[in-house]
Amino acid sequence: MSFLAQGKKEDLKALAADLGIEVTSDMTILNMKDLIIKNASHDANFCKSRLTFIVSERKADETLQRDQLEKERNFELEKLMIQAKQSSTIVSLKSSDEINLQRMLPQFEKDGDMALYLTLC
């Protein structure tokens, strides 16, 4: 039963639970392996295939969690990049907020028609 070496402690706990063996949290990996080996009610091929399934399931879950974490990080990165672009745009708008009213309004001539000036404004 050398195949038991491929599993981690959590994998061996799951295998022992599937076989109906009581395992405590303070047991070492060697103790769990001994209990599984001593349990003669199950075939070695069954134990091997079950452990292989448990390990592959755990690895798939880890991959899924890693992918989900990567998606969340990419989302946060995109969000921060958009915020940085918006803040730089806001800063550039604030610097151009000064408006020279003298250049925008027509020059008022004292001798000119006042009504024309009022309609322009």
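What follows draws every value from the coordinates through simple rules; no lab data is involved. This is a predicted model, so every value here is computed, not measured. Every residue, glycine as well, gets a Cβ built from its backbone with ideal geometry; the counts of neighbours run over all protein chains shown.
Label reach from N39 (point 7 Å along Cα→C-beta): in segment 1-33, amide nitrogens under 12 Å belong to 12-24, 32-33. In a shell of Cβ-Cβ distance under 14 Å around A84, excluding A84 itself, what net charge do Lys and Arg (+1) and Asp and Glu (-1) give? Net of charged neighbours comes to 0.
Residue order for K48, K71, fewest other beta carbons within 10 angstrom first, comes to K71, K48. Subtracting the Cα-Cα distance of T28 and E62 from 0.36 nm times their residue separation leaves 9.9 nm of extension gain. The radius of gyration of the Cα set in segment 3-93, together with its Dmax, comes out at 23.1, 78 angstrom.
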